[in-house]
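Here is the structure we will look at, set down as C-alpha cells.
No value in this document is a laboratory result; all are computed from the given coordinates. This structure is a prediction, so every number in the text was calculated from the model and none was measured. Note that each Cβ is placed from the backbone with ideal geometry, even for glycine, and that neighbours are counted across all protein chains shown.
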Amino acid sequence: MSGFETIVMYLGMSLLVILAMLGASALLGPSRPSPQKATTFECGVPLLDPSHKRYSVKYYLVAVLFLIFDLETVLLYPLAVQYKALATLGWGIFFEIFIFVFVLLVGLLYAIKKGAIDW
C-alpha cells in the first residue's frame, strides 16, 4: 500500500466512528424538548438585548485578512526551516518565495489603501 490508500482508509474509519458516535448519541441520549429549553440564556439570565445584531463588514474583512496572513506564516515557516536543503534546487525556490511574499504584500497594501484595517 502506498501513502494515499492509508490516508483514505484512515479518513474513512474516522468518518465511520464519528457517524457511529452521533447515531448512538441520538438513539441513547435523553430527548425532552420544551419551549423553556429552547430559549436563549446569557449566564442563566434571559437576554436583555436581541441576539441578532448587525456587525460591520469590516469585522469580517479583518477576520479574512487575519486568516490570509496567518496562512502565509504557516506556509513560509517550513520553507524557512528547510531553506538550505531547498537551496540546492537553485534560485527558483528563492524567487517563488519572493513572488509569494510580494503578492501578499500587494494585497496588504491594497487592503490598507481601501481602509479595510482602519477602525
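Tabulated data for the structure shown
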{"item": "Fluctuation leader among L75, L108, L16 - the chain, Gaussian network, Cα springs under 10 angstrom", "result": "L16"}
{"item": "Simple label model, 7 Å out from Cα along Cβ direction - F66 to T40, nm", "result": "2.1"}
{"item": "Cα-centred dipole magnitude for the chain, charges only on beta-carbon of K, R (+1) and D, E (-1), debye, nearest 20", "result": "360"}
{"item": "Projected-area mean, the chain, by convex hull of Cα positions, square nanometres", "result": "15.0"}
{"item": "S14-A80 pseudo-label distance in nm [points 7 Å out on the Cα-to-Cβ vector]", "result": "2.7"}
{"item": "Three-way shape call for the range 57-114 based on the alpha-carbon gyration tensor, with the a/c threshold at 1.5", "result": "oblate"}
{"item": "Theoretical ellipticity at 222 nm over the chain - DSSP helices of four or more residues, -39500 (n - 2.57) apiece, nearest 500", "result": "-23500 deg cm²/dmol"}
